[in-house]
Number of protein chains: 4
Amino acid sequence: MAPAGGPGAKRGILERLESGEVVVGDGSFLITLEKRGYVKAGLWTPEAVVEQPDAVRQLHMEFLRAGSNVMQTFTFSASEDNMESKYFEHAEEAMWAVEVLKELGKPVAATMCIGPDGDMHGVPPGECAVKLVKAGAAIVGVNCRFGPSTSLKTMKLMKEGLQAAGLKAHLMVQSLGFHTPDCGRGGFVDLPEYPFGLEPRVATRWDIQKYAREAYRLGVRYIGGCCGFEPYHIRAIAEELAPERGFLPPASEKHGSWGSGLDMHTKPWIRARARKEYWENLRIASGRPYNPSMSKPDAWGVTKGTAELMQQKEATTEQQLRELFEKQKFKSAQ
Amino acid sequence: MAPAGGPGAKRGILERLESGEVVVGDGSFLITLEKRGYVKAGLWTPEAVVEQPDAVRQLHMEFLRAGSNVMQTFTFSASEDNMESKYFEHAEEAMWAVEVLKELGKPVAATMCIGPDGDMHGVPPGECAVKLVKAGAAIVGVNCRFGPSTSLKTMKLMKEGLQAAGLKAHLMVQSLGFHTPDCGRGGFVDLPEYPFGLEPRVATRWDIQKYAREAYRLGVRYIGGCCGFEPYHIRAIAEELAPERGFLPPASEKHGSWGSGLDMHTKPWIRARARKEYWENLRIASGRPYNPSMSKPDAWGVTKGTAELMQQKEATTEQQLRELFEKQKFKSAQ
Amino acid sequence: MAPAGGPGAKRGILERLESGEVVVGDGSFLITLEKRGYVKAGLWTPEAVVEQPDAVRQLHMEFLRAGSNVMQTFTFSASEDNMESKYFEHAEEAMWAVEVLKELGKPVAATMCIGPDGDMHGVPPGECAVKLVKAGAAIVGVNCRFGPSTSLKTMKLMKEGLQAAGLKAHLMVQSLGFHTPDCGRGGFVDLPEYPFGLEPRVATRWDIQKYAREAYRLGVRYIGGCCGFEPYHIRAIAEELAPERGFLPPASEKHGSWGSGLDMHTKPWIRARARKEYWENLRIASGRPYNPSMSKPDAWGVTKGTAELMQQKEATTEQQLRELFEKQKFKSAQ
Amino acid sequence: MAPAGGPGAKRGILERLESGEVVVGDGSFLITLEKRGYVKAGLWTPEAVVEQPDAVRQLHMEFLRAGSNVMQTFTFSASEDNMESKYFEHAEEAMWAVEVLKELGKPVAATMCIGPDGDMHGVPPGECAVKLVKAGAAIVGVNCRFGPSTSLKTMKLMKEGLQAAGLKAHLMVQSLGFHTPDCGRGGFVDLPEYPFGLEPRVATRWDIQKYAREAYRLGVRYIGGCCGFEPYHIRAIAEELAPERGFLPPASEKHGSWGSGLDMHTKPWIRARARKEYWENLRIASGRPYNPSMSKPDAWGVTKGTAELMQQKEATTEQQLRELFEKQKFKSAQ
């Protein structure tokens, strides 16, 4: 393999995709920095860039070291009107944003926060992809809201939609680092565990290697992550696709493939874990026998535009909370 | 509450415990830095201190910001003879180390990697504690190897052992950040998921608040964590015990208690999660319906001193791995 | 309520459905008699009718006592050509059978062993229903192969298909007594647990009350069960729909509604279980923490007509079993 | 093997045990007849003997056919003073009953409803066994309240207690047909699932073969079942121990060992299930991904003699239920 770092480090993403390269994205900023103590859950605002630049820089360094080819600006929610945000829930909004950016002469990557059931208005993934490409997007895909398997199902539907319409585009996937087999259309925010009880859903590095391989087989060439994607998950993408790309990421100096670092352990049963077959087949336990394996998403049947979904100017009052809580109790009893 | 940081920041740990303070420990270095890309799993050596001082410093900063009162030297495995290591598996070894340190005139904290079933020779926790205190330890407790609930069970037994013997000592607990209800005497390293599939076992911040509260009730006054304890877990200890200590940690500026940051969310069902009762009672799901909730620990009946447990000078050969794998297959069929 | 037994006991099923009655079907014969020792698993032949008429009669009595309005002839697989069998996997076969029976001047009920994904050729449920009604069936529905929730999903699709085609028919559902959320198109026989490890999937009486209520809401008026449906499951249907039907089944003399028989228990926490709200909301545990909650169905990609699916004249040889086992191992590792 | 039925069919149980035979007990009457529609849950009275003798006779026939050597009188709770009852919760009561029976000149089998933690007064199993043998019992053991694994743990402790005291007795085990790893001292009645949600805990035939083998290895020679033990479970005991006993039960004509009846199935993956290795290693799924695998037993800290545990003369009132329910809510929130 070529020395870590890889060819073409200075070229733009679109250029690299055009030349057939695999581009490795980066991972989670807000959720990861929340756990490190620099972001407030609920607000999810990126003031850490200003307040704690060292902490942000450190995380950027870790993703680069893990093999990421890009440095996405850490500005989710940073602008008032959300224009630059890459998070679209509705095909119409996404399409409109693409058109505006295209007029500015920029090549556009447009990803949506949607699952196999389509966007929040029920437009299916294939149709969304077609709309975005027709509006001018050169790269289309999904990010956030859904876990690795679900995101790849959506990508498959996008790809099929484009093929059926005779259109071409580069494909991009940035899944959550959490497993979400039980999500509804609203994605992981509707799971009762969001955002402070998602721990047991965190993907292992082996889950992510599988995700990278399947994405590659599907023809996706920009492969990264979103909320919950830690540096070692990005490294897992880079390691899985090292044969195709011809090089390993810098951080692989600290990671033997498939746990090979365990083969000098004093306990023989731990040495026996230093092999691909072991980690690929292991069904890891949750250590939580009193808990279920799936949850029912919350979703109280409210739709966009109703009073309940308005941005709150003030924090929920005690009275409002009591009402909400009653609704929930009623719901959970159904 | 008093401004963050708290009183007595310059005094020694023993002095602080004597004066009745609660000391908040720090958390996981090796396992956390492995995920960030700076430590090699299996070897678990702390060369990052030299190679990547910024990454190590950043993690120290996060723990301090989360409320830790201490900065433990990051030197697990760093010395050849393991003398300074705080990790003891046998009461005899621990006792001997305490005696040596005591002769050097130092006040001693001695913690053991043991669970309720006692040390690797089967000496029960109460007896271990008595031996350590008689040898001269001023602080006794457990760290690593077992999760929060299990570690507290052990602490209870230690406390009862000391009481029965009419002895006094400060108590210290540094649990794993992983749930391990299914561990045998060897602790989490024997779980099939160690070290690359522990994700679903990671404790939530609410689990850790409960752990801090129970430890406090038990009389433990040095409360920290070990492998798997991230900065937000340490913050959970500091927040839970803020009423007793009189101040919050710096990082709490980024964390409303019990998820209060969610009370301005646009979706009413997410606003309804901004309350203690919600997070305390939630049984979070694993998102892994094809997986079990508990595992059978590996442990092939070998005992200390047998050939199989010798430190390997060279990596396991393919032939050795095949033999180990066969043993394991046989075992899992039982 | 009217005395048990109910009105119209002598009329035919079609006649009863026409008059707006709810007909309660019966349940499982082969699988239940296997557990009682009178049927051989794998062969599933009904020779017990001749060999052990008392055992068969007893089970018929139990279903009648539980509220069943019918006595289905226990002849699954009993004829060489399977003509009378109500188990169809393909819409074409079912349609042909309906046409033959119709020529004989009989009113016909045609049910298929299919799930929401359609029959084994992929014909969707709505289309199947339309074909059957056009061929002359007066009653259409599903039986066997899938559990309560899945069977109702299929019924919903059948109903929508008929509505879209402007057709009318009586609806009939005879679900398994096992939960099968993880089934593929082949149904429960492809689950690794079939037929000797299905115990943890058995529905509770409360699951079946819910099933009966939902079926009723959907417009289904012939509601019964198939494999795994024990007498108390049939009683649960009859009890749930007692308000609509106006009478309780005979066996309800031995069953207070919603566990009311518990309200004289000596332990207060058991008395507290004598209420609807308790049983409806309880998430019952499996008592199997080392097991998963879902399985991957077997299905080796073979299709009808291939050599592997031929009826075996002789039992599988050891050599064949070894080959099959190897395939399976390979599959499970994927 | 000898023809089914076996030698010595007319001799008494003690005589048979003395001669070294393995005696196979019978199984569940009340819980099984409740599901068949002849017993009322909560009261659990055996009036079916009078009201529905055919149904009771049929179940007796099934157990005999499955290989049971005995026909226990179906009189649990049938006498006012509970004298003949084999269900003891306290060593003192059991001991006293044994003494009375011994004075009547009868050889006595005394089994207790206890788990590894001892009887309801906390007397450990070894001590209980010693008391019973000293009082005159020729056979001691456990029945009901706990599942197969737990019951065998208790038997092991009883055996060790007797050995330590230099006493001898025949050992007898009659476990539940339900798995109860999560039970407290009160046994399965305290599980929230008792008695109408125990389905997912039902043992498979393979679980029971394992139980029979382990009981035999432990030296237990009277092996049967209690609540939840269906005829096919009894057959599993008889089949597992057929090599030692020299004959198979009558019902084995309908059951090839280890699923061998599947080897002529049309689907190759089902044929592949016709082998011991398959069923022994399969981790069967619950089909209930929204449910946990273990439950917290109810137990409100009340002790014998308190008002709350008095037998109720009348059914619980609505007001009482509300109070109980409130207590429970409070408890579950802890």
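Counting only heavy atoms of protein chains, what accessible area per residue, in Å², does region B:13-281 have with a probe of 1.4 Å?
Value returned for region B:13-281: 35 Å² of accessible area per residue.
Taking every pair of alpha-carbon atoms in region A:13-281, give the share separated by more than 28 Å as a whole percent.
Percent of Cα pairs beyond 28 Å in region A:13-281: 35.
Would you mind getting me the FRET efficiency between residue B:299 and residue D:15? Use the beta-carbon distance for r and R0 = 51 Å, nearest 0.05. Let's see the in-between values first.
On the way: r = 44 Å, r/R0 = 0.86.
Efficiency, rounded to the nearest 0.05: 0.70.
Between copies, how far does the label point of residue D:19 sit from its twins, in nm, shortest first, when each point is 7 Å from Cα along Cα→Cβ?
6.3, 8.4, 9.1
Can you list, shortest first and in nm, the gaps between the label point of residue D:92 and those of its counterparts in the other copies, using a point 7 Å from Cα in the C-beta direction?
4.6, 7.8, 7.8
Ignoring ligands, DNA and RNA, please state the percent of accessible area on region A:148-241 from carbon and sulfur, probe 1.4 Å.
49
If R₀ is 22 angstrom, what is the calculated FRET efficiency for the pair residue B:134 and residue D:164, using the beta carbon separation as r and rounding to 0.05?
0.10
Do any residues of region C:13-60 show a loss of at least 40 square angstrom of accessible area between the isolated chain and the full protein assembly, using a 1.4 Å probe, and if so which?
Residues passing the criterion (a loss of at least 40 Å², heavy atoms only) are C:34, C:35, C:36, C:37, C:38, C:40, C:42, C:58.
To the nearest 10 Å², what's residue B:198's accessible area with a 1.4 Å probe?
Number for this one is 10 Å².
Report the D-C buried area as the accessible area lost on both sides summed, probe 1.4 Å, in Å² to the nearest 100.
9000
If Lys and Arg each add +1 and Asp and Glu each add -1, what is the summed charge of the other residues whose beta carbon sits under 9 Å from the beta carbon of residue D:94?
Neighbour charge sum, excluding residue D:94 itself: -3.
Hey, got the average number of other protein chain Cβ atoms within 10 angstrom for residues in A:272-283?
Going residue by residue through A:272-283 and averaging, the value is 6.
Using a loss threshold of 50 Å², tell me which positions in region B:233-258 are less accessible in the complex than in their chain alone. Probe radius 1.4 Å, ligands and nucleic acids ignored.
When all protein chains are present, B:254 each give up 50 Å² or more of accessible surface.
Sorted by accessible area with a 1.4 angstrom probe, largest first, how do B:216, C:194 fall?
B:216, C:194
Going down the list C:102/C:168; C:102/C:134; C:159/C:210; A:210/A:296, which pairs span over 21 Å between their C-alpha atoms?
Cα-Cα > 21 Å for A:210/A:296; rest within.
When each copy gets a label point 7 Å from Cα toward the beta-carbon at residue A:134, what are the spacings between them in nm, shortest first?
3.3, 8.5, 9.1
Identify, among A:174, A:130, A:269, the residue whose Cα sits farthest towards the positive end of the charge dipole of region A:13-281, taking +1 on the Cβ of Lys and Arg and -1 on the Cβ of Asp and Glu, with the dipole about the Cα centre.
Farthest along the dipole direction, towards plus: A:269.
Aspartates and glutamates within cross-link reach of residue C:156: Cα-Cα under 12 Å, excluding same-chain residues under 8 positions apart?
C:214
The values are calculated or read from the model by the stated rules, or taken from the named source; none is laboratory data. Predicted model, so just to flag it, every value in this text is computed and none were measured. Cβ atoms come from the backbone with ideal geometry, glycine included; neighbour counts cover every protein chain shown. For accessibility, only protein heavy atoms count, side chains too; no ligands or nucleic acids. Shrake-Rupley method; radii C 1.70, N 1.55, O 1.52, S 1.80 Å.
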